[in-house]
1. Which residue, chosen from LEU615, PRO572, ALA516, occupies the Cα position most advanced towards the positive end of the dipole of the range 505-629, where the dipole is computed from +1 (Lys, Arg) and -1 (Asp, Glu) charges on Cβ about the Cα centre?
2. Just want to confirm a number: the relative contact order over the chain, from Cα pairs under 8 angstrom separated by 6+ residues, in percent.
3. Report the charge-dipole magnitude of the chain in Debye, nearest 20, computed about the Cα centre from +1 at each Lys and Arg Cβ and -1 at each Asp and Glu Cβ.
4. With every protein chain kept in place and ligands, DNA and RNA left out, what is the accessible area per residue of the chain? Probe 1.4 Å, answer in Å².
5. Which listed residue (ALA507, LEU462, SER495) has the Cα farthest towards the positive end of the charge dipole for the range 411-513, taking +1 on Lys and Arg C-beta and -1 on Asp and Glu C-beta about the Cα centre?
6. Using a 1.4 Å probe on the protein chains only, how many percent of the accessible area of the chain belongs to carbon and sulfur?
7. Evaluated at 10 °C with a viscosity of 1.306 mPa s, what Stokes-Einstein diffusion coefficient in µm²/s does the chain have when Rh comes from the Kirkwood expression over alpha-carbon pairs?
8. Pick out, in residue order, every one of the trypsin sites (Lys or Arg not before Pro) in the range 478-556 that is DSSP loop and has at most 13 other C-beta atoms within 10 Å; say none if there are none.
Amino acid sequence: MALALFLLATLPYLETARYPFVNLDDGIYVSANAVVNKGLSPDNVIWAFTTTTAGNWHPLTWLSHMADCQLFGLEAGRHHMVNVVLHGLNTAILFGALLTMTGAPWRSALVAALFAAHPLHVESVAWIAERKDLLSTLFGLLALAVYGRYVRAPSVGRYSLVALLFMLSLLSKAMWVTFPFLLLLLDYWPLGRLPLASSGAGQRTRSLVLEKVPLLVVSGLISGVTVHVQGAAGAIAPIDALPWAQRIGNALVSYSGYLGKAVWPVDLAVLYPLPERIDPWVAAGSSALIALLTTMAVLTIRRWPWLAVGWFWYLGMLVPVIGLVQVGQQAMADRYTYIPLVGVFIMIAWSMPAIPPVTVARIGMIGGAAAAVAASIVLTVHQVRTWRDSRSLFEQAVAVTTGNFMAHNLLASDFAQRGDLANAQRHIDESLRIRPNYAGALYNRAVMLIQTRDFAGARDQLRHALQTQSLDPAIWNALGSVELRLKNLDDAVASLRRALELNPHYAEAHANLSMALLALNHPSEAVAAGESAVRFRPDLADAHAALAAALLRQSRYDDSIHHSRQALALNPNLLDARMRLGIALLARGDAEEALTHFEHLHRLFPNDPAVQKALSAARQKRGSAPQHP
């Protein structure tokens, strides 16, 4: 049964082996993360436990991505397949944990099958950056399974293993912080440790709560660290920006919205934008639905305890991501349902009546369950295909939502990377029409202005973006780069140092800082900044070019030549790097090779005085007269 469920969970996702990284957090987590790309090492392990990159603290997730890079490099398909296998394991472990606690194989299998096949879970599996969801669930479900065995035969060793697995879950993602409360629910049903009607129920309850205190301490500590890291990264919306009335309204709407998508999983999107205003009638309707279902669960708790346990599983496991502490600008996210929906599946599976074998009703019931799973698989396969590339993913989000300023902006980035600047500009304009102060779109508009050499205009857009997102190192780096081009060197250095305060491993900012310091005639500091850039991103052409320029200023010609060659190997179109390579070669006495580089530049820029002067110097040093075509 477990093997069948593993296959049910993995087969719909095999197509992702051909999918690339997407332009949404995959770069931060893997493809453009210089530290992760280097794989596992003692320094990188320390980094994983100390970094605040991506506005989260999840060291085991970082180590998992590093291990993938160590094994597979940047072959995105292999990274996808690790996610798929983890989803399969989670499905099998969920089945095992429920079977251990309930002794009901078929109902446990139905819960696991719905978990395996439900389309709402595609986001957690098909998105490489969501490895954290899969890992935290893996350890959380293992902790549940061990807890079931601990209840049967309590021992310090088994309790310690539960605590260890719980901690590993939180070190992957702080989604399972309500786990101790979930255990109290399971103590009531199906484990039967908390009989409400017994005379000693109060004492028994106190004993079971005390049993969870070590787990509660762990939960509190890691919750505190996570909130601190997210706050320091600017990921948590302040109260004055998002008042409590809107947070609570969005939470109520999201609770009912997730239920709706669980029952009718269509029009799914990777991004659901947070509206500027919650419709009070929608919030009131959602509140009434939640109150009704909660009342029904409480009133039937003795007769049908699985309804209360499943319902409060759903409500409780969503608490960390329901929006009371608002992280990001999404109203809700499919990935947040990965483990909470298990509670709903339990309500469904255990509400199926115990019908005697070989009856029409039983056959119909089994057929209905099979049809539900089959329909889920079909919808899952369809949803998986929206993840085939960034453009497909964001076009789907624009198509099925309204006012999706985030998806429009991400589409703009994708079009810009493809060289389709007209469509990129169109989506930036639409994003800013919907949300005029959206920092992401202002940043992208600045990038477009930089490409047209409107540096003053780009600076205005970046300063505007910083008014609402002052903790984004990419914006500070771009502003520093623009100030450098405008010759405002002190301002450039200040902006770039701020970017590096926010992200000390930001190679592009180190490279830009190197050029700014060199322009200020601080070659030693420029070399140090260039070396940092190359150390963090040895595959970044601009990093090698910046270091080569600083080394040339120190007359370290051999080293400068080496890094200029590295820069041109990575990007042959870096004309400044080619010029510096020619100058360093000429200074070292290699006039013949220097001449080839200057002639290349002269063909591109025949009227450039600097190129003409360098070409003339190389020809004179070689001792030959100018040759004319």
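The values are calculated or read from the model by the stated rules, or taken from the named source; none is laboratory data. Keep in mind it's a predicted model, so treat the numbers as computed, not measured. Don't worry about glycine lacking a Cβ; one is built from the backbone with ideal geometry, like all the others, and counts go over all protein chains shown. Just the protein is used for accessible areas: all its heavy atoms, side chains included, with ligands, DNA and RNA removed. Shrake-Rupley method; radii C 1.70, N 1.55, O 1.52, S 1.80 Å.
1. Highest projection toward the positive end goes to LEU615.
2. 11 percent
3. 1180 debye
4. 43 Å²
5. LEU462
6. Carbon and sulfur atoms account for 62 percent of the accessible area of the chain.
7. Rounded to a whole number, D works out at 58 µm²/s.
8. LYS487
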